Structures are given as C-alpha cells and as structure tokens.
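The values are calculated or read from the model by the stated rules, or taken from the named source; none is laboratory data. Note that the structure is a prediction, hence the values are computed from the model and not measured. With ideal geometry, Cβ positions are generated from the backbone for all residues, glycine too; neighbour counts draw on all protein chains shown. All accessible areas refer to the heavy atoms of the entire protein, side chains included, with ligands and DNA or RNA removed. Shrake-Rupley method; radii C 1.70, N 1.55, O 1.52, S 1.80 Å.
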Amino acid sequence: MTDTVRNTVYFAAIAVLIIGTGFVQSWNAALFILNFGLISAIMALGVNLQWGFAGLFNVGIMGFVALGGLATVLVSMPPTPQAFSAGGMGIILALILGAGTVVAAVLAYSKLPKGRVRGLAIMAILIVGFFVYRAVFDPAVAAIEAIDPAATGYLGGLGLPVVVAWPVGGLLAAGVAWLIGKTALGLRSDYLAIATLGISEIIIAVMKNEDWMARGVKNVVGLPRPAPYEIELQQDPAFIERAASFGLDPVMASTLWVKLIYAGLFTVVLVILFILAQRALHSPWGRMMRAIRDNEHAAKAMGKNVTARHLQIFVLGSAVCGIAGAMMTTLDGQLTPGTYQPLRFTFLIWVMVIVGGSGNNLGAVLGGFLIWWLWVMVEPMGLWLMNTITMGMEDGSAIKTHLIDSAAHMRLLTMGLVLLLVLRFSPRGLIPEK
Amino acid sequence: MDFLNALVAFANFVFIPATAYGAQLALGALGVTLIYGILRFSNFAHGDTMAFGAMTTILVTWLFQSWGISFGPLPTALLALPFGILGCMALVLFTDRVVYRFYREQKAKPVILVIVSLGVMFIMNGLVRFIIGPDDRRFADGERFIISVREFKALTGLKEGLAIKTTQGITVITAVIVVALLFYFLNRTRTGKSMRAYSDNEDLALLSGINPERVVMITWLIVAALATIAGTLYGLDKSFKPFIFLQLLLPVFAAAIVGGLGSPVGAIAGGFVIAFSEVTITYAWKKVATYVLPDAWAPDSLVQLLSTDYKFAVSFVILLIVLLFRPTGLFAGKSV
C-alpha cells in the first residue's frame, strides 16, 4: 500500500466518522465537529512546527490560543468612547511608563559596569518605576471600570471586521512567544516547558482579572460575526425558498448554512497554512530545522545559529496557535476567559500531534480531526459504558450513582491513555515523517 | 509608632503562613529534584502524585473517622498518612514498571520522558477525579488552633492578635522531621550514598556495582512518601481540590529550579524563597504600615503590590530571573 492510498484511506475514514455523526446524531452536531476539527487541525499544525520540525516542547499552547481570543475582542468590538475619555490616556501612559521602566532597567544592566552599583541602580529603577506605573494605572482602571459596568466597563475594541482579528491574534501570540523564547530557549529543553506552562497560566490570570481590557470573567458576548445571523436568514424570503427546495425548514437550514460559511472560511485558512507549512518543510530552511532537531551539535558545527532558529520557529508556531485561537473565539461569538483549561487547549493538541504523526503536516491535520472527534464522543461513550457496567446494580445504590457521575472524567483518562499507548507502540504516529 | 503590634501583625499574616506554605513547597520540590537527579527528567506528574497521595490519605481518614478512631487534638489524617504513603508508593511503582521503565531501557531523550510524564499526569488526575470527585474536600479535625487570636490578646494585652493553626504547626514540624530523615538517609546510609553516586555519575556508579533498578525503585519510594506528605499537609492547611495540584506544579517547579535542579538543599531554599516572595508581594501591607509609620503618613490604599490572583506571576517572574542570570540555580544544580 503506497503512502497516498494509506493517507486517502485515513482521511476517508475521518469523513465517514463525521458524516456518520450527521446521520446518527444530527447534522448540526456533525458540522460542529467539522468546524472545531478545522480549528484543531490549525492548532496542531502550529504545534507540529515547534515539535515536529524543531523538537521544541511547548506546554503553553492555551496561553497563545487565549491571546488570539483576546485579539478578537480588541479588534472587532465597538469602542467605548466614554471609557477612552475617562481613562484611555491614563492606561496608555501607564503602559508606556511600564515598558520604559523595563527598558531603562535593561539599559542599566548593559551599560553600567558590573558590581554593587549596578544592582542597586536596577533595583531603584524597577521599584520607582513600579510605583509610578501603579500611581498612573490604578485611577485610570478605576475610571474605566466605573463606566456602565453591566454592559461595558472596558475600553472596547477598534470596531474593525472580525476577520482582521485573525492575523492580529497571530501577531499578539508571536510577540509573547518572542519574549518567552528569548529567555528560555538555549537552556535545557525542560526549562522551555516550564516557562511556557507558567506564561499560559499568567495570560489566563491577566485576562480574568484585568476588566478594563476585555471585561475579565464578566465575559464579552455578542462579538461581530463574519457570517449572517440565523434570525435574519429566517426572515429572508429568498433563503426560505431555497431551503424549501432542499426540503428543509428555515430554522434548520439557517443554522446549517451559517455553520457551513464558517467551515468554508476555516478551510481557506487551513489550506493556506498547510501549503505554507508544507513548503517550509521541503525548503532548505525546513531541512536545516530537522538537521538541528536531529543533531544540535553537528548543526552548530556547520555554522547554524541554533538558538536563533529555535526562536524563529517557536514564534512562528505560536503565531499559528494565536490565529487558531482568534478563529475559535469568532466561532463561539464570545470571549470567556474562565473556560480556558490546560487540558482542553494544551494537552489535547499535543495528543493530536503525536497521534497524527509528529513531523508530518498531513499527520497533524489528521490527528486534529480524529482526536477532536474522539474528544467530543468520549463523554457519551463513557456514559454508555458506565450505564452498561452498572446495569446489574440496583437503582439508587451509592456505587452506581458514583460511577455514572464519574463518567464525565473519562476524558482525562482516555486521552492520557491514548497518548501513552501511541508513544509506546507507535511513536511515529499514524502518518509518520518521511 | 508601635513596633510590637506591627511585628505581631507581620508574623500573623506573613511570616507564619509563608513558613507553612514554604515547607509544603519545599517537600514538593524535593520530590521533583530527586526525580530529576536520578531519572533525569522533569516530572510533570508530580503535582498529581501529590493529589493521589493526599486522596488516599483522605479516604483512610474518613474510614478511621467512621470507626471513631481519632488522634486526640491532632488531625486523624496524621494516623492515616502512612497508609496514604503506601497507596502512593504502589501507584508510582506500578507506573514506573508499566510506563517509565520501557523508556529508560531505550535510553530515550529526556524530553520524551517529559511528554510521557504529561500523559501520566492526566491519567493520575483522571483517577483522582474518578475516585473522589472534583469537589472541595475537608478532612481536618482535632484542635483548630495552637494559639488563637483571643488567647493571644488575653495573654499579651496587645491590640493585634496572633493565631497559629494546628495545621501550620504540624506542617513545619513534619517538614523538619522529614527533611532531617532524608538528609540522614542520603548522607549516612549506604543506599543513600549509592543514590548520590548514581546521580553524580551514572557510568561510574554502574562500574562500582550499583544496581540501577534498585536505585530507581528507592527513589520512587522516597518521592511517593514526600509527595504524599506534601499533598496531605497542603490539603490540611488549605483544602483538598484535585485541580489545585495542577496549579501547584508551577511554584513547585519554580522552587526546584531556583534552588538548582538536582540539589536537595536547593529545593528547600527555593521553596522558602518562592513562598515568602509570593506572600509578601501579594499581602496588603496597610495594617503593618499603619503601626510603623507616623499617623500623618498612614496609607489610604491597601499597599498591596499585586493582587492575590497574580501569585503565579510572582513564582514565574522569579523563575525567569533565575533562568536569565543563573540557570543552574542558587545551589548550582546539575547541567544547564
């Protein structure tokens, strides 16, 4: 069996799974899986860049995805003019002061001679800078959050079309990735893992607590959409007529149509990123990356700047995750910082890449769809399993209720098990690297 | 100006909580550092090993409570602790046998082991939630305070009160005993010396006839004991919630790295550095400042450097500073 045949079989199987879900459950569920599968595939592509191409271990995918989500709010929501006049300048000034403090500290570190004076100077700059920053920042935040807290209480966005947020999300994620990569790359591999784990938790903490930015845990709902609203379609006579010609009622047809529009947009992004990743993999640059991954010392001896290349690909991969994060928030139509969990947004993507085949872009895409389908289906399957196991027990017994209640936690166990089994028995994944 | 009251307020809100928290972090970081020294990878499953050990202890505690066994003024959990340790030992030995040993024999790269430990972490987390559920569990009983605010005020006549919770006292005493035992074991016994030799130079240790599988097994046993004790003490002091232990992973790792991965003394120092920084930076200093400063200077605001929601950020920033300026940590741990 050639590779092409095998890959076709794999993707046909995915199609069967999704279409099968359409027949067995509902077409809405099938399109839901398809849309999130497309987004997952993009995230998996990003992680595959980092892990598959370069062997970098990033455990902070959740943070980069969340930054993409933040970009959606900052770009697409209408601005809040009163908030801007109340505290906008204060916030901007405070952020500039904060950045200035850090720059001054870095300058002091590089310019002053080594010794106690330098240490004291840096301490003084940081302490004074911090208090000045807080003195400007706190009143501005209070002023912004006081403005109609039930509806806004934040600066709002730029009011641009939501699709613009996708590349912006990528840029935002890239910026943070640069900062992290600059510190943790070039040290042992575990340090990058720990640093990314930390930054992702901090990004989520900032998004939950800084209400002036994106309302924190009060959530931003009703984000603008790139697709028409279902309710508008249902009132459009032309649409109703077309729906009727397919034999569908307007409500059903409108929800399916909107999901299909999203699927189309996401497919375009996925195809573009896939072609780019594929070109990169087969370019001299891609070969250099794999050479560095396989033997850092040899690559270094050949004159390759290993740390700089690592930084480059780390930033690129994180940017892809940021784009996917922005797309996902667009699909949800709301930003809810409380729902970002490492399990769902970091670990699951890792399982996708490893199951699909690390180092192979097609494998990452396949893993994205397959594992997402499994993730959605594990819960009903777990519940069914528990119901089957407990069939013989009498109703209301403590063990039976406990087992049925625990079915929700089957996901953790299943995903951990899938990862360990694949790593052990098929470490190269379903579609191995060539 | 009232230094005595300021000192009491400081002790009550900063020193005592930070000491207890530091002891818990130090025990956790010791486990991470031992695994790193002997098995040579960062064990992401450590947080959930702590959760599993604590869970076993809680289950045994409930059993004892239902039998009416208690430990007088001390929490029953202390009686249950040995059983929790045994349960945790069984689990880690089982994981080592079915999961880690395969990669050890293959001499897999450390980063593969880290990914494997991530898988183990999720299975353990799933197990804990499966068995005890995701909710908050309280299992502390016995006397709540060694000295309560009211007793302290009556005793000293000061305006400011001081409370020491039993759990805080137990945490510190247990940690001291455990650390003393561990260091005696590592420095004085034959097995401990062979562990250190294996950690320093694997090939040389093998040449001298040290059995690597035995060293690894003993390491896992010690790590299981440390993790269970750390998890139970944390659960007694705060409360037991399965997902908390995932969040505890960051300060624990930060402590181990700040001290120097692979260095037991460093892990203890790192634990206290992280704990004291977290508490002092997120504590609202208004009360202490009011006592120390003259009335005219008394602050209006809370004098809190960062809100408590950002306590991860503190350990993270310390971690970054150490990585930037001294990647081997305070006590020069293993390789960079």
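Assorted remarks:
- Nearest-0.05 FRET efficiency for A:Asn305 and A:Met381, computed from C-beta distance (R0 35 Å): 0.10
- Dipole of chain B [Lys/Arg +1, Asp/Glu -1 at C-beta], most positive-end residue of B:Ile132, B:Thr290, B:Ile147: B:Ile132
- Other residues with beta-carbon under 14 Å from the beta-carbon of B:Phe312 carry, at +1 per Lys or Arg and -1 per Asp or Glu, a net charge of -1.
- Using the Cβ of A:Leu374 as centre and a radius below 14 Å, the other residues enclosed give a net charge of +1, where K and R count +1 and D and E count -1.
- Working note: Debye formula, equal point scatterers on the alpha-carbon atoms of the range B:1-71, no solvent; log10 I(q)/I(0) at q = 0.24, 0.28 Å⁻¹ is -1.00, -1.11.
- Between the range A:50-102 and the range B:235-260, the alpha-carbon centres lie 27 Å apart.
- Note on the range A:320-371: Cα-Cα pairs beyond 16 Å make up 49% of the total pair count.
- Most mobile of A:Val47, A:Val271, A:Val355 in a GNM of chain A (Cα contacts under 10 Å): A:Val271
- Between amide H atoms placed 1.01 Å from N, distances below 5 Å from B:Lys165 occur with B:Ile146, all of them 5 or more places distant or on a separate chain.
- Site pair B:Trp67 and B:Asp295 shows an inter-label distance of 6.2 nm when each label is modelled 7 Å from Cα along Cα→Cβ.
- For the range B:219-300, the C-alpha radius of gyration sits at 1.49 times the compact-globule guess of 2.2 N^0.38 Å, with N the residue count.
- With Cα atoms as the point set, the range B:81-168 shows a radius of gyration and Dmax of 22.1, 67 Å.
- Over 29 Å between alpha carbons, listed pairs A:Lys259/A:Lys434; A:Lys208/B:Lys286; B:Lys165/B:Lys287; A:Lys182/B:Lys241: A:Lys259/A:Lys434; A:Lys182/B:Lys241
- For the range B:32-113, trypsin sites (Lys or Arg not before Pro) meeting the loop criterion (DSSP other than H, G, I, E, B) and having at most 15 other Cβ atoms within 10 Å: B:Lys107.
- For the range B:75-83, putting each phi into the Karplus relation 6.51 cos²θ - 1.76 cosθ + 1.60 with θ = phi - 60° gives couplings of x, 4, 4, 5, 5, 7, 3, x, 5 Hz, in residue order, rounded to whole numbers and with x for Gly and Pro.
- For chain A, diffusion coefficient by Stokes-Einstein and Kirkwood Rh (Cα), 20 °C, 1.002 mPa s, µm²/s: 89 µm²/s
- 3J(HN,Hα) along the range A:211-226, derived from phi through the Karplus expression 6.51 cos²θ - 1.76 cosθ + 1.60 where θ = phi - 60°, amounts to 5, 5, 7, 9, 6, x, 6, 6, 6, 10, 10, x, 5, x, 10, x Hz, with x in place of Gly and Pro.
- Of all accessible heavy-atom area on the range A:83-155, the percent that carbon and sulfur account for (1.4 Å): 79 percent
- For the pair the range B:133-211 / the range A:304-370, the C-alpha centres are spaced 40 Å from each other.
- Ellipsoid semi-axes in whole angstrom, largest first, where each is sqrt(5λ) of the Cα gyration tensor of the protein assembly as shown: 42, 34, 30
- Farthest positive-ward along the protein assembly as shown dipole, Cα basis, beta-carbon charges - from A:Ser397, A:Leu179, A:Val163: A:Leu179
- Accessible area (Å², per residue) of the range B:186-227, counting only protein heavy atoms and a probe of 1.4 Å: 53 Å²
- Projecting the Cα atoms of B:Thr61, B:Ile281, A:Gln25 onto the charge dipole of the protein assembly as shown (Cβ charges, centred on the Cα centre) puts B:Ile281 farthest toward the positive pole.
- Of B:Met195, A:Met89, the residue with the largest accessible area leads and the full order is A:Met89, B:Met195 (1.4 Å probe).
- Per residue solvent-accessible surface (Å²) - the range A:68-211, probe of 1.4 Å: 47 Å²
- Each 5 Å bin, from zero up to the one with the longest distance, holds this percent of the alpha carbon pairs of the range A:188-302: 2, 9, 9, 9, 9, 12, 13, 10, 10, 7, 5, 3, 2, 1.
- In a simple Cβ point-charge model (Lys, Arg +1; Asp, Glu -1; nothing else charged), chain B has a dipole of about 580 debye relative to its Cα centre.
- Put a plus charge on the Cβ of each Lys and Arg, a minus charge on the Cβ of each Asp and Glu, and nothing anywhere else: the dipole of the range A:83-155 about its Cα centre is then about 680 debye.
- Full extension of the chain between A:Val128 and A:Ala151 yields a length gain of 4.7 nm, computed as 0.36 nm times the residue separation minus the alpha carbon distance.
- Listed values for the range B:225-239 are Karplus-derived 3J(HN,Hα) couplings in whole Hz (6.51 cos²θ - 1.76 cosθ + 1.60, θ = phi - 60°), namely 5, 4, 5, 5, 5, 4, x, 5, 4, 5, x, 5, 6, 9, 7, and x replaces Gly and Pro.
- A cut-off of 5 Å between modelled amide H atoms, ignoring neighbours fewer than 5 places along the same chain, links A:Gly156 with A:Thr80.
- Alpha-carbon radius of gyration plus Dmax, which is the widest Cα pair, for the range B:27-156 in Å: 18.8, 66
- Intensity falloff of the range A:370-434 expressed as log10 I(q)/I(0), Debye formula with alpha-carbon point scatterers, at q = 0.16 Å⁻¹: -0.63
- Dipole magnitude (debye, nearest 20) for the range A:113-188, charges at Cβ of Lys, Arg, Asp, Glu: 760 debye
- Separation between Cα centres of the range B:61-110 and the range A:171-213, rounded to whole Å: 33 Å
- Prolate/oblate/rounded label for the range B:157-237 (Cα gyration tensor, a/c 1.5): prolate
- Distant-in-sequence amide H partners of A:Val220 (H built 1.01 Å from N, under 5 Å): A:Leu335
- Here the range B:3-325 has 67 percent of its accessible surface on carbon and sulfur atoms, given a 1.4 Å probe and all protein chains in place.
- Computed P(r) (all Cα pairs; the range A:83-155; 10 Å bins; percent): 21, 36, 22, 14, 6, 1
- Each distinct pair of alpha carbons in chain B adds a 1/r term; the inverse of their mean, the Kirkwood radius, is 21.1 Å.
- Counting only Cα atoms, the range A:109-258 measures 81, 43, 22 Å along its principal axes, largest extent leading.
- The order of the peptides B:108-118, B:130-140 by mean Cβ neighbours within 10 Å, most packed first, is B:108-118, B:130-140.
- Shown is the FRET efficiency for A:Thr2 and A:Leu421, computed with R0 = 25 Å from the Cβ-Cβ distance and rounded to the nearest 0.05: 0.40.
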